[in-house]
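The values are calculated or read from the model by the stated rules, or taken from the named source; none is laboratory data. Quantities reported herein were computed from a predicted structural model and do not represent experimental measurements. With ideal geometry, Cβ positions are generated from the backbone for all residues, glycine too; neighbour counts draw on all protein chains shown.
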């Protein structure tokens with residue numbers, strides 16, 4: 001079974017803090033993604049990566065950055081967390097041309 | 001532009017059929033997906049349909065695709081309380097940078113009551 005693991009399920013951070021959300025997949029998938037999910041808005045793509053050290057902006061990249069130093073790991077970084085970044089963050093991975101697999105999600109609250 | 005729309009809420013009685021509807025805008029979509037999200041969990045792929053198909057059946061699930069109207073539906077037969085979840089419709093968007101972007105609807109919350 002494909003496994004996409006998000007290391008933190010629940011986090012509470014203060015405004016202005018730097019936040020790291022980590023995601024690891026064990027299936028040697030080329031493509032990895034970070035989405036955020038908000039009620040009534042569905043999933044919105046923040047960033048994705050199609051190879052090591054490669055990254056592309058999604059629909060809502062502002063306030064976020066990403067890092068992909070190794071194929072299995074894709075990190076989402078909030079340089080200076082703000083309250084409007086309180087959300088559920090979903091990591092996903094995908095082999096070439098096949099369906100997408102999601103992690104369990106990370107609930108981030110910024111106070 | 002790309003857009004996927006779903007109604008936000010559906011309530012059904014246990015044992016009845018549920019029909020969740022979705023409309024999409026990109027006629028070049030190759031695959032359309034249904035994902036299920038249970039409380040506190042990530043998204044789980046339920047089923048998908050290739051754009052040259054009209055229907056796909058998988059046990060209690062039936063997917064109908066009307067390509068002319070860009071309408072996709074998910075029917076769950078004999079709905080159980082364990083089917084209570086949020087269901088997301090997604091279309092495979094335009095290819096860009098070698099990657100097919102998945103565009104999600106806002107999700108339909110299915111509530112199953114006795």
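What strands (runs of 3 or more DSSP E) lie completely within chain B and have 3 or more residues being under 29 Å from residue A:107 (Cα atoms)? Can you show your working first?
On the way: elements: B:4-6, B:9-13, B:18-24, B:31-37, B:43-50, B:55-58, B:61-66, B:71-76, B:85-96, B:99-104, B:108-113.
In chain B, B:4-6, B:9-13, B:18-24, B:31-37, B:43-50, B:85-96, B:99-104, B:108-113 are the strands (runs of 3 or more DSSP E) which contain 3 or more residues that are under 29 Å from residue A:107 (Cα atoms).
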Among A:48, A:74, the single one that is modelled with pLDDT of 95 or more and within 15 Å of the chain's Cα centre (by Cα) is A:74
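Looking at region A:1-86, what strands (runs of 3 or more DSSP E) fall wholly within it and have at least 1 residues that are away from chain B (no Cβ under 14 Å) and buried (at least 16 other Cβ atoms within 10 Å of the Cβ)?
Working: elements: A:4-6, A:10-13, A:19-25, A:31-38, A:42-49, A:65-70, A:73-78.
Of the strands (runs of 3 or more DSSP E) lying wholly inside region A:1-86, those with at least 1 residues that are away from chain B (no Cβ under 14 Å) and buried (at least 16 other Cβ atoms within 10 Å of the Cβ) span A:10-13, A:19-25, A:65-70, A:73-78.
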With criteria (1) in contact (Cβ under 8 Å) with a residue 12 or more places away in the chain; (2) within 30 Å of residue B:47 (Cα to Cα); (3) more than 11 Å from the chain's Cα centre (by Cα), residue A:18 comes up short on (2)
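Suppose we keep only residues that are modelled with pLDDT under 95 and assigned to a strand (DSSP E or B) within region A:91-105. Which one would you say is farthest from the other protein chains (Cβ to nearest Cβ)? Steps first, please.
Quick first cut of region A:91-105, residues modelled with pLDDT under 95 only: A:92-105.
The next check asks that each one be assigned to a strand (DSSP E or B); those that pass are A:92-94, A:101-102.
Numbers: A:92: 8, A:93: 12, A:94: 9, A:101: 7, A:102: 4 Å.
Among them, the one singled out is A:93.
So that you can scan it fast, the table gives a plain yes or no per residue for (1) surrounded by 11 or more Cβ atoms within 10 Å (Cβ to Cβ); (2) under 16 Å from residue B:21 (Cβ atoms); (3) more than 14 Å from chain A (Cβ to nearest Cβ); (4) at pLDDT 90 or above:
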site: B:73; (1), (2), (3), (4): yes, yes, yes, yes
site: B:82; (1), (2), (3), (4): no, no, yes, yes
site: B:86; (1), (2), (3), (4): yes, yes, no, yes
site: B:93; (1), (2), (3), (4): yes, no, no, no
site: B:96; (1), (2), (3), (4): no, no, no, no
